[in-house]
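In what follows, a single structure is set out as structure tokens and then discussed.
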Amino acid sequence: MSDTNLSETKSVHHWIGGKTVEGTSGNHGPVTDPATGVVTTRVDFASVEEVDAAVAAAKEAYATWGQSSLAKRTEILFRFRALLDANRDAIAELITAEHGKVHSDALGEVARGLEIVDLACGINVQLKGELSTSVATRVDVASIRQPLGVVAGITPFNFPAMVPMWMFPMAIACGNTFVLKPSEKDPSASLKIAELLAEAGLPDGVFNVLHGDKVAVDRLLEHPDVAAVSFVGSTPIARHIHTTAAANGKRVQALGGAKNHMLVLPDADLDAAADAAVSAAYGSAGERCMAISAVVAVGSIADELVAKIKDRAEKIKIGPGNDPTSEMGPLITAAHRDKVASYVEGAAADGCEVVLDGTGYTVEGHENGHWIGLSLLDRVPTSAKAYQDEIFGPVLCVLRVDTYEEGVALMNASPFGNGTAIFTRDGGAARRFQLEIEAGMVGVNVPIPVPVGYHSFGGWKDSLFGDHHIYGNDGTHFYTRGKVVTTRWPDPADAPAGVDLGFPRNH
């Protein structure tokens, strides 16, 4: 967008070396209020030179931060945690204004991010290392973990506070310095976080924020001083991030897309299953990688289950995120809204039964917002585009199978393997499912099985590129590298003549 169109909006700049730095590239992007369609903010896009400046600031800071004590790092993180807690509402308001999600969803996002800050505050337990004494005569072996250096995080629009907090608290707690490239669609939350880190006493350059597009991303992927890259986003981009960064010698964790399934067995509590399906499919307008987008109904329960989902979905109130009565907000952009709508518009031709059609939905007084209603598709064939693609919107597909085995085979045939769930009263069936299903995260009567902070988050197959999941123990391992030290010391009693250490002589 031209400077003329953005000249009267507020500006979002970079955060480099502990201060706000105005962009110099001349390139900018618009940030839109999804509820009104009005451009509210101009965000700077970084040039290669500006990326280099941020990495240089991080590299300079690493010289001292990487040698700092665990006590100092955790002291700062504890102060940051208190500030983050005190500013929950302010951060949530920024998220709602730029992303569109309702305030309660935004507050929940901050709360989940706080879990990882809690984990980082106790990083000293994760970094204890191991020691074996007397593996041979007077020989000890110790395993220790040390930081990598400058690390980068590239994060998506759907959780502009939580996903960065999946990364940087663990990274800086381990002694690294961090360069964040958040989504250019909702950048303000990341700057608020940077300000709170500075207020907590984090040294300049330890945490930096660069806004931008592919120019900034590609420079981070190839920069020789960036040791590791974390990414969350779509599968095609995750594959590109992994391939490019690994080719440049970097450690990579790249979390990709999803098509999360929920298997409902005939013995399940159908009211609970319907409640779960609605909240998991339509919460946060379906713009989350852990959304349930496919319900697999086993046997004769399908008609009743679809009816219960439809009844609940029709009662969801859609409106601006800052309206306390709203249960679902708009989508992030008009272009994304139109793409989501296209899957519903083409569903019947693909063989689906359209039970609810949310296209064409508007909110009175906010007609230019990026609105879409809830859509429910039944009898969806696996060949339908609405099933095959990650839609990232409030569209729920229902597939029907005759048996448990058929359902598991259908789910395992998906190229994605992020999260999945089973609804049943049968413990034996649930046990089989958690062992047989090919996905990284499994819920048993839990529709969105996002692990708590001290367990790692990550999928299988096309939902993850790289060897490490994010946060938890995997997070500590990703942001550190192991070193083994083998030591032999002579006995003090064998010291040369003339040196008296007060030990009895051996002869």
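Below are the figures for this structure:
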item: Test: N473 is among the polar types (S, T, N, Q), under 26 Å from the mean Cα position of the chain (by Cα) and surrounded by fewer than 15 Cβ atoms within 10 Å (Cβ to Cβ); result: yes
item: Of residues in the range 351-376 being outside any loop (DSSP other than H, G, I, E, B) and open to solvent by less than 40 Å² (accessible area, probe 1.4 Å), the one farthest from D338 (Cα to Cα); result: V355
item: Identity of the residue in the range 308-338, hydrophobic (A, V, I, L, M, F, W, C) and either in contact with a Ser or Thr (Cβ under 8 Å, 6 or more places away or on another chain) or open to solvent by less than 70 Å² (accessible area, probe 1.4 Å) (or both), that ends up nearest to H103 (Cα to Cα); result: M328
item: Elements of type strands (runs of 3 or more DSSP E) in the range 189-272, at least 1 residues being of a type in the set (A, V, I, L, M, F, W, C) and in contact with a Gly (Cβ under 8 Å, 6 or more places away or on another chain); result: 226-232, 251-255, 260-264
item: Among (1) in contact (Cβ under 8 Å) with a residue 12 or more places away in the chain; (2) closer than 30 Å to G283 by Cβ; (3) not β-branched (V, I, T), the one test that N124 misses; result: (2)
item: Any hit, the range 339-349, residues being open to solvent by 10 Å² or more (accessible area, probe 1.4 Å), in a loop (DSSP other than H, G, I, E, B) and touching a strand residue (DSSP E or B) at 6+ places or on another chain (Cβ under 9 Å); result: no
item: Options L107, L131, L148, L94; residue that is open to solvent by 30 Å² or more (accessible area, probe 1.4 Å) and in contact (Cβ under 8 Å) with a residue 60 or more places away in the chain; result: L94
item: Pair list, Cβ < 6 Å and 6+ apart or interchain, from the range 305-320 residues that are in contact (Cβ under 8 Å) with a residue 24 or more places away in the chain to residues that are of a type in the set (D, E) and open to solvent by less than 10 Å² (accessible area, probe 1.4 Å); result: V306/D378
item: Every residue from the range 174-188 that is part of a loop (DSSP other than H, G, I, E, B) and either in contact (Cβ under 8 Å) with a residue 40 or more places away in the chain or at positive phi (or both); result: C174, G175, N176, E184, K185, D186, P187
item: Test result for V446, assigned to a loop (DSSP other than H, G, I, E, B), modelled with pLDDT of 95 or more and within 30 Å of G122 (Cα to Cα); result: yes
item: So L305, is it modelled with pLDDT of 95 or more, surrounded by 21 or more Cβ atoms within 10 Å (Cβ to Cβ), assigned to a loop (DSSP other than H, G, I, E, B) and not acidic (D, E); result: no
item: Members of the range 44-60 that are closer than 15 Å to F207 by Cβ, surrounded by 22 or more Cβ atoms within 10 Å (Cβ to Cβ) and out of contact with any Phe, Trp or Tyr (no Cβ under 9 Å at 6 or more places or on another chain); result: V55, A57
item: Residues being surrounded by fewer than 19 Cβ atoms within 10 Å (Cβ to Cβ) and over 19 Å from A258 (Cβ atoms) - total across the range 410-429; result: 5
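Listed here are the residues, each with its yes/no results for (1) modelled with pLDDT of 95 or more; (2) touching a Phe, Trp or Tyr at 6+ places or on another chain (Cβ under 9 Å); (3) buried (at least 23 other Cβ atoms within 10 Å of the Cβ).
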position	(1), (2), (3)
E184	yes, yes, no
L191	yes, yes, no
E195	yes, yes, no
A200	yes, yes, no
K214	yes, no, no
D218	yes, no, no
A227	yes, no, no
S230	yes, yes, yes
A238	yes, yes, yes
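The values are calculated or read from the model by the stated rules, or taken from the named source; none is laboratory data. Keep in mind that what you see is a predicted model, and the values were worked out from it rather than measured. Note: ideal-geometry Cβ built from the backbone for every residue, glycine included; neighbour counts use all protein chains shown. The area values use the complete protein model at the heavy-atom level, side chains included, leaving out ligands, DNA and RNA. Shrake-Rupley method; radii C 1.70, N 1.55, O 1.52, S 1.80 Å.
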